[in-house]
Each structure stands twice: as structure tokens, then as C-alpha cells.
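In what follows, a structure is listed as C-alpha cells, so that the remarks can point back to it.
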Amino acid sequence: MPGRGPPVSCSRSGTRLGVRVRIVDASANPGTTSRALGVQARTLELYRQLDLADAVVARGYRVPAVNLWARGERAAHVPFGDIGADLTPYPFLEIFPQDEHERLLIERLTQLGVSVERPVALVQLREEPDGVVAQLRNAAGGETSCTASYIAGCDGARSRVRELIQMGFPGGTYRQLFYVADVEAAGPPVNGELNIDLDEADFLAVFPLADRGRVRLIGSVRDERAEHPETLEFADVSARAIEHLGLQVRTVNWFSTYRVHYRVAEHFRRGRAFLLGDAAHIHSPVGGQGMNTGIGDAVNLAWKLAAVLGQRAPERILDSYERERSAFARRLVATTDRVFTFATAQGAVADFVRTRLAPLLAPAVLKLEAAREFLFRTVSQIMIDYRHSELSEGTAGGVHGGDRLPWAATQRADNFAPLAQPCWQVHVYGIAPPDLRSWCAARSLPLHVFEWQARHGEVGLERDALYLVRPDTYVALAASPASVDVLERYAGTRGLSLGGSSPRTASSTLE
Ligand SMILES: Cc1cc2nc3c(=O)[nH]c(=O)nc-3n(C[C@H](O)[C@H](O)[C@H](O)COP(=O)(O)OP(=O)(O)OC[C@H]3O[C@@H](n4cnc5c(N)ncnc54)[C@H](O)[C@@H]3O)c2cc1C
């Protein structure tokens, strides 16, 4: 629940963007199960702003390759190698279990002076002209009310915030039942790589975890057993992993079954309430996108709330949250649906495609650089763009307003280094005109001038053009030539005050 001065009457904690927040969680303790494993490259890029990326990379595990198994044999081995090495500082698949991830975030919040209050549940919500009033219930049943400027509902698939703002959550539930198990094991699939078994009418994936000898299994449960999930045990579903992959299980640390839903909230905002993460969208875990998408939602909304609360942007900028994030969520649900349907489809043709064709075709297709790059861009979430947003304008070179700023590290400079500051900034690759320098300096708007290198052109940047970069590192405005007028008009028509939002002073540097 973020707020500025009055009308906030909640406990006050300062955060990086200067917004006081109160975080309540209905559960008594942080999660203890691994759930989301994959942390995508785009999440790590955004985490760099919060000084979290290095910690996630250090504590997590980089998966070097994927193996496809069919009919009890390893049919294909695809090393991830350097897929994406030119695209992002994080060109790998990072495994970092969600429970450890949550602990890291809580540690970091504590350092910032924010504690997660638990068990404290939101029970009621009322909107008033200048704030929201949340009714909160503690473990003893005592109720208090909290007034805040806004409420961010990050309360999961069964969101109480969503229910209280009466927001529809249309979609459905897949027929298949899945299981998840964290086990200590030995055998061929415990090789530090991702192993996927494509079988007739079945699906099984074995994910490596940082501790050698521990793996996570995700598999589908055969129809006849799926009718009574409450009675299922690991022994009921593990035969396939044992027979097909030669897995020798020593200890089962966690076993659970779940059904996969696909739903997107009708809107991500009603008045002063926002929906983020699973409260706004849920879909199949295929591709490891769920948690990452929720983090992307939070990054998108956080700087906008901070700008509005700091009176550096008009309230209407908050509408762009839904426009930017729901478009991606809807696409994601459709894409994961296609992959999920392929992975679990039944019937002779589906079996043939999955167990005979896919193991043959996958390695051949992935030898093509374009195919590897497309796959990496999609799964890593670096291809998310907000071109259709009202905050996006212009084109310079191959870069449009709304694109993620392309990464260009040269021997002289890494253009992502200044993005560690979550503030508006201007980038010029080449020469910045003097009037632009003085315009930025007068507004304490950081200007980063990079000596032109061939690499900048290769990633789509245009020499001497102007790129206005948002606090969440997406390009807001791309303009060629670099003109102060266009920058002024961009900010003026949107009522944005671009400078001075960062603790860092303005810079005009050659990098
Ligand atoms: C088996 C499995 C594997 C997955 N694998 C991946 C993966 O590899 N990669 C990936 O990106 N995603 C994955 N996901 C999805 C991922 O776990 C979710 O997308 C993610 O947990 C959503 O986070 P969230 O914060 O939105 O919701 P949740 O994690 O559900 O958290 C919601 C929080 O809100 C609290 N809450 C609920 N109601 C109230 C209330 N009334 N008042 C106060 N607090 C409340 C809850 O206590 C909880 O702490 C997987 C999911 C599953 C089940």
C-alpha cells in the first residue's frame, strides 16, 4: 500500500524511490516450497536497478543445456552455450527457487527499513476521494484500518483485492493434473542439466537445483489417477521417471499436485486499486514466466506510483500500467497455452509429433542462429515492448519508443551501467548538441553520451539520435535528430517532470 504524506496513516518506511509503503501478508511465514525456479534475463536486468542481480546470480544455478528424452532414450542434447550472449548481460537460464528468492527480497526489504507484517490479511476495502481504506485482520482476529493513497493487490490467484473491487477473472482450467516434487536422487537425469521426457500422453521435466543431487520433477498425472489427487503420493506417479530416465530417488522433500489455470483479469486497475502478478494473470508454468511477469508488473507500476505521489506526473499516467502489462499478459497466456497444448496433447498424431518428430527437429532448428535467438528473446522476456503505450513515441534507427533499450557493451562502456539508477535519463550515442546538454543540466536530467561505436549501430541505435529512457529502462522517446523541442513536447503533452527524480545529480558524460 503505497502513500505520500497525508492521507497516509500507515506505518512509514522509506524505499528506494522515496515512497512509504506498508506490506501485509496473510500467511504466517514466507513460502517454503520452491515453485518458480527460472529467473529470466529481463528480470535480472531489472534487478540490477535494485542491486539484486548479483545476489540472485551468486545464489542461483546456471543451467548449461537441455536434453530431450523419448521412449526411454536421450534423443537430443541442446547446449544453451552463448545463446543471447550479444543480447543481454545475463545470457543464461538461471535457476533460483522461489522460496530462496522470497527470502532474499525480504532481507533486502529489511535493509531498506520495510518489514512484511504477517499474518495480517486484507478483509475489506473502501475507496475514498483521496485514498483507500483497507480493513486488516491480524492472527488474533483483531481488526485495524489503514488509509493509503493506493493499494497494490499482489495477493495471488485467489486475490481478495480482485474480489473486493469486483473484477472479473475470465478463463478456464486445463483438464490435466500435474505434480511437482523436489527430490534427492541419482541417475542420468541428475546431470546438472534440464531434462525433458516427451512421452506418449505424458510429460515430465527434471530441473537441476543448485545442490548437486537435488532435482525438481514436474510431470503430468495419468487420467485414471488424476481423479483422486488428494490420495496421490509420489510413489503413485514416479514409475515413469524411474523407468524412462533411470532416476533413483533417495528422499522426497516436497510433493504436491496442482491443476493449471489460464485467466487474465478484465482490468488491472479500478480506481486506486491495482492488480499485479497472479492476481492479474495466471497461466501454465511452461516456460517459467509466471513469477517473472509479476516482477515485471511491479517494476512497471512502482515508478509510476512514485512519480504521481511525488507530483512529477499526472494521475493519468497510472492508466498506462494496465495498457502496457495486460497486453503482454494476454499474449503470454495465448503462447503458453499453445506450448502447453502441444506438450500434453493426446492421440496418435500428437504422440508421433512429440516422441518422433520433436526430438529430431528440435536440435536441427536450434542449430539455426535465428531460431535460437528468437527462442531466447521470447523466454527471457527481453522482447517485451510497450510500443502501443501512450508513453511511447518516435523511432530512431531500429529502436522505437516503447522498446527495451538494446544492450551495447563495448570496450569503452556498457550502456546498461547508468540504468542501475531508476530515473529518467537521456542517452546519445555519438555527439549531443550543446542545447540538449544545457536543457538536461537545467533540469537535473542525467544525460549519458556514449562515444559512437560500430556495436551501437549493430544493435539498432542511431548515431547522434536521442533516446529518452524511462525509470524502468524502456525507451520512452526515440528522436532523430536529437532535438530539445521534441523532448520538451514529449514531456509537456504528458505533464511529466523528467529531471531530479534520482538521488544522483545530473550528468553529462562521455562514456
Ligand atoms: C509448481 C509451480 C511451478 C512454477 N514454476 C514457475 C517458474 O519456473 N517460473 C515462474 O516465473 N513462475 C513459476 N510458477 C508461478 C509462480 O509461482 C507464481 O506466478 C508466483 O508465485 C506468483 O506470485 P504472486 O506474488 O503474484 O502470488 P503468490 O505467490 O500466490 O503470493 C500471494 C501472497 O498474497 C498473500 N495473500 C493472499 N491473500 C491475502 C490477503 N487477503 N491479505 C494479505 N495477503 C494475502 C499470500 O499469503 C501470499 O503470500 C510456478 C508455479 C507453480 C505452482
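The values are calculated or read from the model by the stated rules, or taken from the named source; none is laboratory data. In this text, all values refer to a predicted model and were calculated from it rather than measured experimentally. Quick reminder, even Gly has a Cβ in these numbers, built from the backbone with ideal geometry, and neighbours come from all protein chains shown.
Looking at A152, A157, A139, can you tell me which residue is surrounded by 21 or more Cβ atoms within 10 Å (Cβ to Cβ), within 15 Å of the ligand (Cβ to nearest atom), assigned by TED's automatic domain parsing to the domain that holds V21 and over 29 Å from A370 (Cβ atoms)?
Answer to the check: A152.
Quick one: would you say A329 is modelled with pLDDT under 90 and part of a helix (DSSP H, G or I)?
No: the conditions fail for A329.
Confirm whether P471 is in contact with a helix residue (DSSP H, G or I) (Cβ under 6 Å, 6 or more places away or on another chain) and closer than 21 Å to S392 by Cα.
The answer is yes for P471.
Going through the range 231-253 one residue at a time, which ones are farther than 16 Å from S220 by Cα and out of contact with any Pro (no Cβ under 8 Å at 6 or more places or on another chain)? Can you show your working first?
Kept after step one, since they are farther than 16 Å from S220 by Cα, are these residues of the range 231-253: 246-253.
Matches in the range 231-253: Q248, V249, R250, T251, V252, N253.
What about R118, is it under 26 Å from the mean Cα position of the chain (by Cα), within 25 Å of Y262 (Cα to Cα) and among the charged types (D, E, K, R)?
On the way: under 26 Å from the mean Cα position of the chain (by Cα): yes; within 25 Å of Y262 (Cα to Cα): no; among the charged types (D, E, K, R): yes.
For R118, the condition - under 26 Å from the mean Cα position of the chain (by Cα), within 25 Å of Y262 (Cα to Cα) and among the charged types (D, E, K, R) - is not met.
Of the residues that sit in the range 163-190 and are in the same structural domain as L122 (by TED's automatic domain parsing) and near the ligand (Cβ under 10 Å from one of its atoms), which one is surrounded by the most Cβ atoms within 10 Å (Cβ to Cβ)?
The selected residue is L164.
Can you pull out every residue in the range 231-268 that is away from the ligand (no atom under 16 Å from the Cβ) and either part of a strand (DSSP E or B) or without any contact (Cβ under 8 Å) to a residue 24 or more places away in the chain (or both)?
T231, E233, A235, D236, A239, I242, Q248, V249, R250, T251
From the list G18, G5, G60, which residue is at positive phi and modelled with pLDDT under 95?
On the way: G5 fails: at positive phi; G60 fails: at positive phi.
The conditions single out G18.
Name the residues in the range 252-284 that are surrounded by fewer than 20 Cβ atoms within 10 Å (Cβ to Cβ) and among the aromatic types (F, W, Y), would you?
Matches in the range 252-284: W254, F255, Y258, Y262.
Among the numbered criteria (1) within 27 Å of M1 (Cβ to Cβ); (2) at pLDDT below 95, which single criterion is violated by E127?
Condition (2) is where E127 drops out.
Of all residues in the range 39-73, which are touching a Pro at 6+ places or on another chain (Cβ under 7 Å) and of a type in the set (S, T, Y)?
Of everything in the range 39-73, just one residue is touching a Pro at 6+ places or on another chain (Cβ under 7 Å) and of a type in the set (S, T, Y), namely Y61.
When you check G72 against the structure, is it away from the ligand (no atom under 16 Å from the Cβ) and more than 28 Å from A370 (Cβ to Cβ), yes or no?
yes
Looking only at the range 269-293, count every residue that is in a loop (DSSP other than H, G, I, E, B) and within 7 Å of the ligand (Cβ to nearest atom) and tell me the total.
Residues meeting the conditions: 4.
Does at least one position in the range 419-435 carry a residue that is surrounded by 20 or more Cβ atoms within 10 Å (Cβ to Cβ), closer than 18 Å to M383 by Cα and not assigned by TED's automatic domain parsing to the domain that holds A298?
The answer is yes; a qualifying residue exists.
Name the one entry in G168, G192, G187 that is under 24 Å from V333 (Cα atoms), small (G, A, S) and in contact (Cβ under 8 Å) with a residue 60 or more places away in the chain.
So the residue among G168, G192, G187 that is under 24 Å from V333 (Cα atoms), small (G, A, S) and in contact (Cβ under 8 Å) with a residue 60 or more places away in the chain is G168.
I'd like the full set of residues that are among the charged types (D, E, K, R) and within 14 Å of the ligand (Cβ to nearest atom), limited to the range 294-310. Walk me through it before giving the result.
Narrowing the range 294-310 to residues among the charged types (D, E, K, R): 297, 304.
D297 - this is the single residue of the range 294-310 that is among the charged types (D, E, K, R) and within 14 Å of the ligand (Cβ to nearest atom).
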